[in-house]
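Asks: The structure follows.
The values are calculated or read from the model by the stated rules, or taken from the named source; none is laboratory data. Since the structure is predicted, the reported quantities are computational estimates derived from the model, not experimental observations. So basically every Cβ, Gly included, is an ideal-geometry build from the backbone, and we count neighbours across all protein chains shown. Ligands, DNA and RNA are stripped out before the accessible areas are found, and what is left, the full protein with its side chains, is counted by its heavy atoms. Shrake-Rupley method; radii C 1.70, N 1.55, O 1.52, S 1.80 Å.
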Amino acid sequence: MSTNTLVNRPSQRPDVIDEILTSLKRYDVSVIKDLEDYLFDQYENDYSDLNSNLALLKLYELSDETSVERQDSTLKILIKGLIQFTNSDFTLYLHLLPPYIFTTTNEYTTKIQGLVSLYELLIANKFDQFLAKNKELSLVDDHSVKLIEQTFLSNKNSKFIMSEAVSEEVSVTRLSKVVGQLLQN
């Protein structure tokens, strides 16, 4: 079930990163390298720090520099969000990406759009399709896929996962009757 991972401080977070996140250094582009190094530590040691990753994406947004390293870091952050797909991590990360990600097509934006499609399969409870699509796209490494599978298996019956869209047609008469009853209360 979904939890608020933004307020959780991972025990692995170094004091220097905590100082960055709890001070105005959070908005200083000179700390990007520290946050990137910390991201790679998260990636290698199988933990996630939502607050730090959001701060890094925000700094990327504030800085107009682009590089292959920043693109790789952004993809790693999104994969961390996929591993935590039962929480809102992935969608929070998406909100800090520039709008052109979804309106242009190049190698980088195609990868991000592919990760979004993988996320949609996970939240739709379609793990087999997720695996097939990931095999086709080769976006998520095998180790991360195993972590995603663990998350999926431990949450596959949770209420937030829907296997199909639910819709019901409601007549105007019935709707007005229900609304009328609500207004009387």
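Asks: Within region 10-19, can one find any residue that is free of Cβ contacts under 8 Å to residues at least 12 places away in the same chain, outside any helix (DSSP H, G or I) and surrounded by fewer than 18 Cβ atoms within 10 Å (Cβ to Cβ)?
Replies: Checked against the condition, which is being free of Cβ contacts under 8 Å to residues at least 12 places away in the same chain, outside any helix (DSSP H, G or I) and surrounded by fewer than 18 Cβ atoms within 10 Å (Cβ to Cβ), region 10-19 yields at least one hit.
Asks: Would you please list the contacts, defined by Cβ atoms under 8 Å and residues six or more apart or on different chains, that run from a residue in region 116-128 that is in contact (Cβ under 8 Å) with a residue 24 or more places away in the chain to a residue that is among the polar types (S, T, N, Q) and surrounded by 17 or more Cβ atoms within 10 Å (Cβ to Cβ)?
Replies: From region 116-128, the pairs are L118/N134.
Asks: Exactly one condition in (1) at pLDDT 95 or above; (2) buried (at least 20 other Cβ atoms within 10 Å of the Cβ); (3) of a type outside the set (S, T, Y) is not met by N87; state its number.
Replies: (1)
Asks: So, one more: What about L137, is it within 25 Å of Q12 (Cβ to Cβ) and either of a type in the set (A, V, I, L, M, F, W, C) or open to solvent by 70 Å² or more (accessible area, probe 1.4 Å) (or both)?
Replies: No.
Asks: For region 111-156, which positions are of a type in the set (A, V, I, L, M, F, W, C) and either part of a loop (DSSP other than H, G, I, E, B) or over 16 Å from the mean Cα position of the chain (by Cα) (or both)?
Replies: Within region 111-156, A124, F127, L131, A132, L137, L139, V140, L153 meet the criteria.
Asks: Could you list, in sequence order, the residues of region 117-126 that are surrounded by fewer than 17 Cβ atoms within 10 Å (Cβ to Cβ) and of a type in the set (A, V, I, L, M, F, W, C)?
Replies: Those that are surrounded by fewer than 17 Cβ atoms within 10 Å (Cβ to Cβ) and of a type in the set (A, V, I, L, M, F, W, C): I123, A124.
Asks: Here's something else I'd like to know. So how many residues does region 92-107 have that are open to solvent by less than 30 Å² (accessible area, probe 1.4 Å) and touching a residue at least 24 places away in the same chain (Cβ under 8 Å)?
Replies: Here the count works out to 2.
Asks: Taking region 44-59, which residues are part of a loop (DSSP other than H, G, I, E, B) and not acidic (D, E)?
Replies: Within region 44-59, Y47, S48 qualify.
Asks: On to the next question. Of the residues L24, L39, L57, L35, which single one is out of contact with any strand residue (DSSP E or B) (no Cβ under 8 Å at 6 or more places or on another chain) and open to solvent by 30 Å² or more (accessible area, probe 1.4 Å)?
Replies: L24
Asks: For the condition over 27 Å from L21 (Cβ atoms) and not in a helix (DSSP H, G or I), what is the one hit in T104, T66?
Replies: T104
Asks: Which residue out of T86, T91 is of a type in the set (V, I, T) and assigned to a loop (DSSP other than H, G, I, E, B)?
Replies: So the residue among T86, T91 that is of a type in the set (V, I, T) and assigned to a loop (DSSP other than H, G, I, E, B) is T86.
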